[in-house]
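Since every read-out is calculated from the coordinates, none of them should be taken as a lab result. Quick caveat: nothing in here was measured; it's all calculated off a predicted structure. Cβ placement follows ideal geometry from the backbone for every residue including glycine, while neighbour counts extend to all protein chains displayed.
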Amino acid sequence: MTNEELILEKLERIEAQIQPLIKTSQKIGELKNDLIPLSNQAMALFIEQLTEIESGFQLEDFLSLMKETARNTQNFVFALKQMASIIEFIKDMEPLMKSAVPQIIAYLDQLEQKGVFRIIKSTVDLRSKIAAAYSPEDIEVMGDSLVAILGLAKSLADPKAINLLEKLSQIPAKVELENAKSIGIFGLASAGFNPEISQGLGVLMELTKAMGRIKPAEGQA
């Protein structure tokens, strides 16, 4: 093979190697020509937006923002990590929430049907009325009395006390005032032969003995 043929062969190999570079360069040129109009439009839009915020935008503020961003890079990284943890937690909780939310809704519906929310609303309205009718000092005094009343209610929780109160509450319904008559000494003596009166006097004696046991001790008011 002659030198001319060797040279031609090398030139062909070099041309084959350069050909992809030429095509890439052409594509880059075409891309550049396509991007120039878009970049011009983007720059025009950017300038237009800047003119709208020109009165409130200062270059010094932007530089200060960049400085603060650089100083708080670690804080931003920490915040992003925490955000990622929260997102992972939400993803883990999502299946539980899907099953729990219907149950919560059903439970709230039961409370609504039982009137619990209406009772709460009425309680809030009652507190508003109390606040409007009484001063804080009055409510404080009533609070002390309420504590004493709660202690009394605890004492009345005894079954014997409840039984006695239930029976005493039946007395007004059994009283026949239209049959009431004036009774003298002899009438009172003869009334002792009535079994109901005798039984009533016995009950009265037991109540009298019980009241005698609650007499204040010496030295007490």
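Between residue 154 and residue 198, what is the FRET efficiency for a Förster distance of 30 Å, r being their Cβ-Cβ separation, to the nearest 0.05?
Calculated value: 0.25.
Looking only at segment 76-97, which residues have a backbone nitrogen under 15 Å from a spot 7 Å from the Cα of residue 103 in the C-beta direction?
It comes to 93-97, nothing else.
So what is the 222 nm mean residue ellipticity for the chain from helices alone, if each DSSP H run of at least 4 adds -39500 (n - 2.57) and you divide by all residues, rounding to the nearest 500 deg cm²/dmol?
About -29000 deg cm²/dmol.
Using the alpha-carbon atoms, what tilt in degrees (0 to 90, nearest 10) does helix 59-71 show relative to the longest principal axis of the chain?
With rounding to tens, the tilt is 70 degrees.
Across all directions of projection, what mean area in square nanometres is found for the Cα convex hull of segment 136-175?
Working: hull surface 15.4 nm².
Over every viewing direction, the Cα hull of segment 136-175 projects on average to 3.8 nm².
Find the Rg to Rh ratio for the chain, where Rh is the Kirkwood radius over alpha-carbon pairs and Rg uses the same atoms.
1.51
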